[in-house]
């Protein structure tokens, strides 16, 4: 039911202009609902809603966690108690209405405001939470701070109805904490940033050649040895510069339980990635028997200190399989996510070609060649995870040698891998590097810090389309959503991650939430105008984003060699 007579209906991720009734248009609300009550155009009911010291929260069953979030965030920013509702005062009503999901799915929500009640209803608790995020956006940038900055005790909201639902179920961000470790508080902060943009998957890249970041109690050397490197290449691997300080860190299992629980309260699913059979030098440095000992002296290996594709890959032995089964057993205890990512990418075959052990495995299993051997690894863990009620996800190289039956493909080298997987009946997450790799530079100018890859501007990301042309409706239904990837080889700290991620992550959030026109028809001018209001929110959140005018002086990295690629990215 609607609580006001003839409201405007708006929706969106970033604030949108007046547009009548819409669905699935983004992660915010109309720009006229942002800050100053004098700019509001109230509906027929009159002067709107006053959020003040008497406002209570009426949390119906299933919404208790959303009420806690409102008190912890909106309460802190406003200085208002946001206490449980008492008879007589105005109220914020939180409730689950499953019927809202009949058209918009489980994350559909409605925010309806009149003079006495703010009703935030969702088809599920997740929908209620995204509606609460919309309410926070309507209150303006001050609502994104951690303590009040003015003496204002009343926050006025207009009479309006906001109805919205996301286009995709998977709206993800990969955060690479293996190349440069991000301490726990930084990960928790990024969970909040994702939630503020209605993104709902945090893919944590936990292991690589340059570091192992998760405590595995059965194998303590993975973090005693594998979590630390002696020095770090500064810039691209061709750079002559080194940071001679040791670098490392890891999350204890209790740290990770905290991260997962914190994310779950914000309806963000944490998906772990444990890389195999490539990207494994840190694990081999800790346990040399995991490597191809018949062709390499693995006892001489240390955690890798530079970037690129590493030749040291796992040996295809029963011992290796048992080792990673034990690792994944502990991973499953920590992560309730239906998906577990096993990497499966950039696995050079040179050691396997020379290894008698690898060649014997190829012959014994009738695998044909080294591509078949890589597929053998993936298929083993696909079966192992399926037996435990989980689903395997991997990069599109897992297509090589034949795709495991239950595998979900993360298509990163372009659209082609995702198209092939969808046509074969496999689920797909689109994350093509030509479009949504946020380590790529944002401008061609000389001041862009450590320029890597293709130029991907804010407008380019806004025009990203997760579903490639040419798929039938049945094939397109296999596209679960999309993911922006933040690889941190040249991002040594939180400020650098912020700079590369924002504001482009806001544009990405719009494309995966929204039902937008075709890329060439999207109104980027409108989006850029709405971003003006959103920059103030990012400022309040303390995000060190790239300004539209270019990097600030302290954001530049003069003299650090990158890897710029000339010309537009290919459509692959």
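The values are calculated or read from the model by the stated rules, or taken from the named source; none is laboratory data. From a predicted model like this one, the values you see are computed outputs, not experimental measurements. All Cβ positions, even for glycine, are placed from backbone atoms using ideal geometry, and neighbour counts span all protein chains on display.
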| request: Determine, yes or no, whether residue 303 is in the same structural domain as residue 395 (by TED's automatic domain parsing), part of a helix (DSSP H, G or I) and modelled with pLDDT of 95 or more. | output: no
| query | What tally of residues in the stretch 339-380 results from selecting those that are assigned to a helix (DSSP H, G or I) and in contact with a helix residue (DSSP H, G or I) (Cβ under 7 Å, 6 or more places away or on another chain)? | reply | 12
| query | Of all the residues that make up the stretch 396-428, how many are under 26 Å from residue 567 (Cα atoms) and not in a helix (DSSP H, G or I)? | reply | 6
| note | All-but-one check, residue 470 against (1) buried (at least 19 other Cβ atoms within 10 Å of the Cβ); (2) not in a helix (DSSP H, G or I), failing number (1)
| field | Matching residues in the stretch 323-338 - criterion: being in a helix (DSSP H, G or I) and either without any contact (Cβ under 8 Å) to a residue 24 or more places away in the chain or within 22 Å of residue 261 (Cβ to Cβ) (or both) | value | 327, 328, 329, 330, 331, 332, 333, 334
| query | Based on what the data block shows, is residue 254 in the same structural domain as residue 334 (by TED's automatic domain parsing) and not in a loop (DSSP other than H, G, I, E, B)? | reply | yes
| note | Taking the stretch 284-302 and the residues there that are crowded, with 22+ Cβ neighbours inside 10 Å and in contact with a strand residue (DSSP E or B) (Cβ under 6 Å, 6 or more places away or on another chain), the one that is nearest to residue 206 (Cα to Cα) would be 284
| If you go through the stretch 346-359 one residue at a time, do you hit one that is touching a residue at least 12 places away in the same chain (Cβ under 8 Å), in contact with a strand residue (DSSP E or B) (Cβ under 6 Å, 6 or more places away or on another chain) and within 20 Å of residue 374 (Cβ to Cβ)? | no
| message | Tell me yes or no: at least one residue of the stretch 506-520 is farther than 23 Å from residue 440 by Cβ and either assigned to a strand (DSSP E or B) or free of Cβ contacts under 8 Å to residues at least 12 places away in the same chain (or both). | response | yes
| task | Hey, could you check the stretch 37-90 for residues that are crowded, with 17+ Cβ neighbours inside 10 Å and at pLDDT below 90 and say which is farthest from residue 138 (Cα to Cα)? | result | 45
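One line per residue, one yes/no per condition, for (1) touching a strand residue (DSSP E or B) at 6+ places or on another chain (Cβ under 6 Å); (2) more than 19 Å from residue 538 (Cβ to Cβ); (3) modelled with pLDDT of 95 or more:
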| position | (1), (2), (3) |
| --- | --- |
| 456 | no, no, yes |
| 463 | no, yes, yes |
| 469 | no, yes, no |
| 475 | no, yes, yes |
| 480 | yes, yes, yes |
| 489 | no, yes, yes |
| 494 | no, no, yes |
| said: Here are the criteria: (1) outside the structural domain of residue 195 (by TED's automatic domain parsing); (2) surrounded by 15 or more Cβ atoms within 10 Å (Cβ to Cβ). Tell me which single one residue 504 does not satisfy. | reply: (1)
| task | Identify, from the list 136, 146, the residue that is assigned to a loop (DSSP other than H, G, I, E, B) and either in contact with a helix residue (DSSP H, G or I) (Cβ under 8 Å, 6 or more places away or on another chain) or not assigned by TED's automatic domain parsing to the domain that holds residue 199 (or both). | result | 146
| note | When every residue in the stretch 110-129 that is out of contact with any strand residue (DSSP E or B) (no Cβ under 6 Å at 6 or more places or on another chain) and crowded, with 22+ Cβ neighbours inside 10 Å is compared, the one nearest to residue 158 (Cα to Cα) is 114
| remark: Scanning the stretch 94-109 residue by residue, those farther than 14 Å from residue 165 by Cα and either buried (at least 19 other Cβ atoms within 10 Å of the Cβ) or without any contact (Cβ under 8 Å) to a residue 24 or more places away in the chain (or both) turn out to be 94, 96
| task | Mind counting the residues in the stretch 184-232 that are farther than 17 Å from residue 280 by Cα, touching a helix residue (DSSP H, G or I) at 6+ places or on another chain (Cβ under 9 Å) and not in a helix (DSSP H, G or I)? | result | 8
| query | Can residue 178 be described as in contact with a strand residue (DSSP E or B) (Cβ under 7 Å, 6 or more places away or on another chain) and outside the structural domain of residue 340 (by TED's automatic domain parsing)? | reply | yes
| note | Flagged in the stretch 252-270 as closer than 18 Å to residue 326 by Cα and touching a residue at least 60 places away in the same chain (Cβ under 8 Å), in numbering order, are 253, 256
| request: Find all pairs meeting these conditions: Cβ atoms under 7 angstrom apart; at least six residues apart or on different chains; first residue within the stretch 204-223 and farther than 22 Å from residue 393 by Cβ and assigned by TED's automatic domain parsing to the domain that holds residue 289; second residue modelled with pLDDT of 95 or more and assigned to a strand (DSSP E or B). | output: 215/251; 223/212
| Restricting the stretch 257-278 to residues that are assigned to a loop (DSSP other than H, G, I, E, B) and within 21 Å of the chain's Cα centre (by Cα), the residue that is surrounded by the fewest Cβ atoms within 10 Å (Cβ to Cβ) | 266
| task | Answer yes or no as to whether residue 172 is surrounded by 24 or more Cβ atoms within 10 Å (Cβ to Cβ) and either under 23 Å from the mean Cα position of the chain (by Cα) or part of a loop (DSSP other than H, G, I, E, B) (or both). | result | yes
